[in-house]
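Working notes, structure below.
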Amino acid sequence: MNGEATITADAFSAALNGVTRRVLLFHVLHHGPSPVEELVSAIRATTTADDRQAGNEELVEYGAVWALYHVHLPKLESLGIISWDRDTDVVSLEADPSRLDAWLSVALAEDVHGAVAGVPGEARAETDSIRVLYVEDYGQLADLVAERFGTDHPDLDVVVATNAVDAIGRLADEPFDCIVSDYDMPAMNGLDFLRAVRESDPDVPFLLYTGMGSEETASEAIAHGVSDYLRKGTDGDQFDALADRVRRIVGDAA
């Protein structure tokens, strides 16, 4: 059954009321029909460190999986937004993809707007160092960038977020002078994150730092207001190049 004709604006709004639903819908939208096990992995990847510290990690994950099976998937199916084949345990999209993409963009933009609105903009000028929010799901690279910047570029203070959901939480807690984001991340990619940031803050320097982008990706990033675009390298010089780009776009925005 294709339910796109009967999905109202209120239904879409209800469906997107919660990070878990947005993550799983984003995944199915961009990856096509997906096994529930794959959706669980996407949701697990967007669980923040704060969530894990709030309680026993196994209990947090068990609760998320239980809610996926017994709350989120049945609700989205009842709204006609997805179909769920219990025999194969595969979830498919029933809604109009372009319409769902638009609503997901609005929901993510609202999250970012709420996060940015909670931090006074003038707080950025209170320190001489450049505060960088680095969004990267590959933990070893994120740690290496933070380590190299700490050693070779001490004027750059790096805070790592493992995905867009984690980054939104960081933006709500503290101010940043620059955002550096990977493109290929679980659940929400760098372009969607950029688009959401630009809805709320057209001026904050945003650098897309990716090893999987194409000319088409670069063009789309420029169209959505990226400050700079840098392909990941394979040697140590890439970190110096990244540091130089960060300084430049922050200086240009001053």
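The values are calculated or read from the model by the stated rules, or taken from the named source; none is laboratory data. The shown structure was predicted, so the numbers you read here are calculated from the model rather than taken from an experiment. Note that we place each Cβ from the backbone using ideal geometry, even for glycine, and neighbour counts take in every protein chain shown.
Things to note:
- Considering residues of the stretch 94-110 that are acidic (Asp, Glu) and in a helix (DSSP H, G or I) only, the residue surrounded by the fewest Cβ atoms within 10 Å (Cβ to Cβ): 110
- Residues of the stretch 213-254 that are crowded, with 18+ Cβ neighbours inside 10 Å and of a type in the set (Gly, Ala, Ser): 213, 221, 227, 243.
- In the stretch 132-173, the qualifying residues are those that are part of a strand (DSSP E or B), within 21 Å of residue 200 (Cα to Cα) and touching a Ser or Thr at 6+ places or on another chain (Cβ under 9 Å), and the one that is modelled with the lowest pLDDT is 161.
- Filter result (farther than 25 Å from residue 110 by Cα and touching a Gly at 6+ places or on another chain (Cβ under 8 Å)) within the stretch 211-233: 231, 232
- The stretch 220-243: number of residues that are part of a helix (DSSP H, G or I) and farther than 17 Å from residue 144 by Cβ: 4
- Residue within the stretch 179-199 that is part of a helix (DSSP H, G or I), more than 25 Å from residue 44 (Cβ to Cβ) and at pLDDT below 85 present: yes
- Breaking point among (1) within 17 Å of residue 189 (Cα to Cα); (2) assigned by TED's automatic domain parsing to the domain that holds residue 246; (3) modelled with pLDDT under 90, for residue 129: (1)
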